[in-house]
Structures are given as structure tokens and as C-alpha cells.
Amino acid sequence: MLSVGLTGGIGAGKSEVSRLLVECGAVLIDADRIAREVVEPGTPGLAAVVAAFGDEVLAADGSLDRPKLGSIVFADQEKLAVLNSIVHPLVRDRSRELEEATAADAVVVHDVPLLTENGLAPLYDLVIVVDADPATQLDRLVRLRGMPEQDARARMAAQATREQRRAIADIVIDNDVPLEDLRRRVKEVWAELARRAQTPR
């Protein structure tokens, strides 16, 4: 099995790359999706978040009010660190369970937005960074996701810099390109991953 860490700044197009890798045959473990699962109503994760931030982060139906929580933590590094200390261990444990359940010859791609920030690169056989110009990221967040520009800039500022991400990359995928060029590049990367997965380490 080849364990791959996939990361990139918000709006860089990491989700598109992970989708294309799955089309090629990768097994995807999505940290964002797991992060949502571990704070669903009735979970110890949600109870811990509420204990840390109060009932104001709950929606009327008892689920986590993500926009509300986001507005609190992305404006305060200490509060963000508290949230991460709750959620990240839960995500890590669940990710490990899912990876252990895959086939011996699988290419397992861990989609981890904060891989750089949390120093997780050593956990993977190799790291892929999806890279885009910050102006491209901002445009995608505002124009495609409808995010207010101030919020988009705050989220980008809360993440690692472009240089920090590139410094830990074994493979960089440039996503300032048309979709067809991106698709071609991902197929090249997939061929390399598949070869490594078959090579004894």
C-alpha cells in the first residue's frame, strides 16, 4: 500500500485533484468529511466542542453551526488551536482505521487540508501539494463559493504559506491551468503513484 498525503491551500483546487485521482483508481480518505462525521449530533466530538465554545455554536436542530464556529476560530489563533486539539486526534484515529481496511496494493490518498500546518508530512510515503496563485485562490473562494472577501482572506491567512506547502512537497500539481491540462498532469502523477505502490519499500 502507498499512503499519500494530498494538501493545498483553500481554493487551490485540491478537491478536484482528489476527484481525478479517484477516477484513476485511488482510495480517498477525506479528512474534511471525517472531521464533519466526528462532530455529528450525539458524538463525543460535538460534546467536546460545545464544552469548549458554548451552546452558541449549535444550530437549532442540535447540529454544529459551522459558519458560526468558523467566525469564532478563524479570527483567533488560540481558539483555532483549541478546536484543532479536539478534532484532529479524532480525525487521525478514524483515518487510520479506514486505511487499515484497504487492500494491500492500494494507493490511499489522504486529503488533508492542514497537513503542512500540523507537521503531518512524515506520516505519509509521499506528499502531493496542489498549488495555485493566491489571487486565483481568492477569486475561486469569492466568485465560485460566494464567500465574502474578508472571510476568504482570513481563511487563507490562517493557513500555511504557499512556500511552506511547497517545501514539504514530493510532487507539486500546478492548478493555475485549464481542466484538461490538470487532468493530464494528474494522470502523469497517478502513473508514478501506481508504480511506487508496486515497488517493495
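Considering the stretch 150-201 alone, what residues qualify as being under 15 Å from Ala12 (Cβ atoms), without any contact (Cβ under 8 Å) to a residue 40 or more places away in the chain and in contact with a strand residue (DSSP E or B) (Cβ under 8 Å, 6 or more places away or on another chain)?
Across the stretch 150-201, the qualifying residues are Arg166, Arg185.
Where in the stretch 90-201 are there helices (runs of 4 or more DSSP H), lying fully within it, with 3 or more residues that are open to solvent by 80 Å² or more (accessible area, probe 1.4 Å) and modelled with pLDDT of 95 or more?
162-167, 179-198
Are any of the residues in the stretch 95-109 of a type in the set (Val, Ile, Thr) and under 23 Å from Leu64 (Cβ atoms)?
Filtering the stretch 95-109 down to residues of a type in the set (Val, Ile, Thr) leaves 102, 107-109.
In the following step, the residues that additionally are under 23 Å from Leu64 (Cβ atoms) were identified as none.
The answer is no; no qualifying residue exists.
In this structure, does Ser71 turn out to be open to solvent by less than 30 Å² (accessible area, probe 1.4 Å) and hydroxyl-bearing (Ser, Thr, Tyr)?
no
Give the residues of the stretch 1-52 that are under 27 Å from Ala106 (Cβ atoms), open to solvent by 10 Å² or more (accessible area, probe 1.4 Å), assigned to a helix (DSSP H, G or I) and aliphatic (A, V, I, L, M), sorted by residue number.
Val22, Ala31, Ala35
Tell me, which residue of the stretch 53-64 that is open to solvent by 40 Å² or more (accessible area, probe 1.4 Å) and outside any helix (DSSP H, G or I) is farthest from Arg92 (Cα to Cα)? Don't jump to the end; show me each part of the working.
So in the stretch 53-64, the residues open to solvent by 40 Å² or more (accessible area, probe 1.4 Å) come out as 55-56, 58, 60-61.
Checking the rest, the ones that are also outside any helix (DSSP H, G or I) come to 58, 60-61.
Working: Leu58: 24, Ala60: 29, Asp61: 27 Å.
The qualifying residue farthest from Arg92 (Cα to Cα) is Ala60.
Report every pair of residues separated by at least 6 positions or lying on different chains whose Cβ atoms are under 7 Å apart, first residue within the stretch 82-99 and among the basic types (Lys, Arg), second surrounded by 17 or more Cβ atoms within 10 Å (Cβ to Cβ) and part of a helix (DSSP H, G or I).
Correct list of pairs: Arg94/Ile34.
Which one of these does Asp76 not meet: (1) open to solvent by less than 30 Å² (accessible area, probe 1.4 Å); (2) farther than 30 Å from Trp190 by Cα?
Among (1) open to solvent by less than 30 Å² (accessible area, probe 1.4 Å); (2) farther than 30 Å from Trp190 by Cα, the lone unmet condition for Asp76 is (1).
State all residues of the stretch 79-89 that are open to solvent by less than 50 Å² (accessible area, probe 1.4 Å) and not polar (S, T, N, Q); if no residue qualifies, say none.
Correct list: Leu80, Leu83, Ile86, Val87, Pro89.
The values are calculated or read from the model by the stated rules, or taken from the named source; none is laboratory data. Because the structure is a prediction, the values reported are computed rather than measured. A quick note on method: Cβ atoms are made from the backbone with ideal geometry, for glycine too, and the neighbour counts reach across all protein chains shown. What goes into the accessible areas is simple: the full protein's heavy atoms, side chains included, and nothing from ligands, DNA or RNA. Shrake-Rupley method; radii C 1.70, N 1.55, O 1.52, S 1.80 Å.
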